[in-house]
1. Per residue, how big is the convex hull around the C-alpha atoms of region 108-261? Give it to me in cubic angstrom, could you?
2. May I ask for the percentage of alpha-carbon pairs in region 356-405 that lie more than 19 Å from each other?
3. What is the ratio of the Cα radius of gyration of region 68-113 to 2.2 N^0.38 Å, with N the residue count, to two decimals?
4. Going by a ≥ b ≥ c, the root eigenvalues of the Cα gyration tensor, does region 419-544 fall in the rounded group (a/c under 1.5), the prolate group (a/b larger than b/c) or the oblate group?
5. Need one number: nm distance between label points at LYS212 and THR127, each 7 Å from Cα along Cα→Cβ, rounded to one decimal.
6. Rg to Rh for region 320-373: what is it, with Cα atoms only and Rh by Kirkwood?
7. Express as a percent, rounded to the nearest 5, the fraction of DSSP beta bridges in the chain (both residues included) that run antiparallel.
8. What are the extents of the Cα atoms of region 122-193 along their three principal axes, in Å, largest first?
Amino acid sequence: MQKRWIFKDQPDTKKAKQLAQSLEISESMAALLVQRGIDTYNEAKDFFRPSLQEHLYDPFLMQDMEKAVTRLEKALQNQEKILIYGDYDVDGTTSVALVYGFLQQYHQLLDYYIPDRYLEGYGISRTSIDWAEENDYALVIALDCGIKSIELMDYANSKGIDYIICDHHLPGDEIPRAHAVLDPKRKDCRYPFKELSGCGVGFKLMQAYCQKNDISVEKLYPFLDLLVISIACDIVPIIDENRVMAFYGLRQLNQTQRIGLKALIDVAKFSDDTVLNISNVVFGLGPRINAAGRIQHAKKAVMLLVSNDKREADYVAELINKDNMQRRDLDTSITDEALTMIRQDRLEEAKTTVLFKENWHKGVIGIVASRCIENYHRPTVILTQHNGKATGSARSVPGFDLYQAIESCSDLLEQFGGHMHAAGLTMNIDNIDSFRQRFEEVVAKNINDAQLTPLIDIDAKLSLDDITGKFYRILQQFAPFGPANMRPVFVSENLYAEYPKLLKERHVKFRTRQQGSQAFFDAIGFGMPEYFERIANGEKFALCYNIDENRYRGQTSLQLKIKDIKFYD
């Protein structure tokens, strides 16, 4: 699939030169820092040397934090039963494990509750409120959900149950009438960083409790391994406070004593010398935690994360790993079916994809929508049958407002919700064809051709001579990489290949040189067999890539991990 190369705005050369001199680094490296808003020596020092003591904000800046801590203190002093409630995804389950695990040290009348994805749905459920009343819970701490639970909070209040909501999603016009609502995105909240994960908000509540009760905040640091998993998997920007917590969270994760996480790392089959990074978490740990709720029940994930028994942890980790294998099989088979339907129905030229099959597994259709976009880069809705209705997940392409397009079809829907990039929706099965037609019309009218072509954001052009061991070592200190602080992408021009190979008929590998340069590097492009013939024929090209390390037979060398190739006509 053809890709657009978009160069980011290039930084002020004067600022880059001054920063290069003050840090004693190359101007190309300084330009990357300025591009990230780092203009001075002190800003660079904070970026490269984050500090938990100096760079975390006062949790009491968050609206309702004083009320939340006071209510928590009352519950602990009066020996009330406290229920820790969280969503069934990675962010929700790590949130519950963090708050439950920390409070367990100070209070024994605790339990946790994760709603059933299929019976209760997303967020705070009426079933859970009834369960809390039946089991005499006076206080519920709800994590990663609740900010839209207006009527349900009124229902909980009628039952005499107090809620502390810890959410990070965008509120509606009305704030729920819970005892306390912690959400940095509240309009009346002066907390300086708005992009915490749900687990991050739970962490701030525990931090505030520590501060008010003269407990060293260092008691919270062992829980940073859970927090970094939520930051990585919930795709929040890894900047500001998130970057600080992710930096130390990865350090904690790589030396974790948490029995459940050790078991999870084992079943993910990371080698003993692997230093876990954000990518490892997103693709290795996150899918397994998520699979518990997609295939059966996410309570297993919390059970694993809070376990103190190795035998139990190993057993639950194996169960979750089997859930993940089943999820992967379903993902593959349903994606194959979906792509076949697009080809058979000759939908390749459409501006959208809307597919329905009654027996597709509800737990993986969001993943399938994303897979379809990898093949056909356009807004996609995948539907299955649930409780007699067509229910599904929608995904968008960068720059196109999916939520607005779905809202234009709202008269055909029973319910929908989401945001610009992702949404969920439910409709009568009889309305699918009408929805498909209307959605195609709305998107075709509002989307442009550029949005239908995948793009690659490029940080800078480099000469191969710029790539040195020192350059790479400094580049690695930009980590942890993630949204808003992605691994830098470079382009080098006027290259040619030596010793091209096609590995397993799928992956292209060669040594690349640049005209007028003595430098050379191995380059590898996974799943790019279409480039092999032209490379082997000696055509010159521009290469788009990340810089990576290759370890082979005890030797370590720099290599270029190819993202795309453009040949000169």
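1. Each residue corresponds to 142 Å³ of Cα convex hull volume.
2. 26
3. The reported ratio for this selection is 1.15.
4. Prolate shape, in that a/c is at least 1.5 and a/b is the bigger ratio.
5. Distance between label points: 3.3 nm.
6. 1.01
7. 60
8. 39, 20, 18
The values are calculated or read from the model by the stated rules, or taken from the named source; none is laboratory data. Keep in mind that this is a model prediction, so the values were computed, not measured. Every residue, glycine among them, receives a Cβ derived from its backbone with ideal geometry; neighbour counts consider all protein chains shown. Heavy atoms of the whole protein, side chains included, go into the accessibility calculation; ligands, DNA and RNA do not. Shrake-Rupley method; radii C 1.70, N 1.55, O 1.52, S 1.80 Å.
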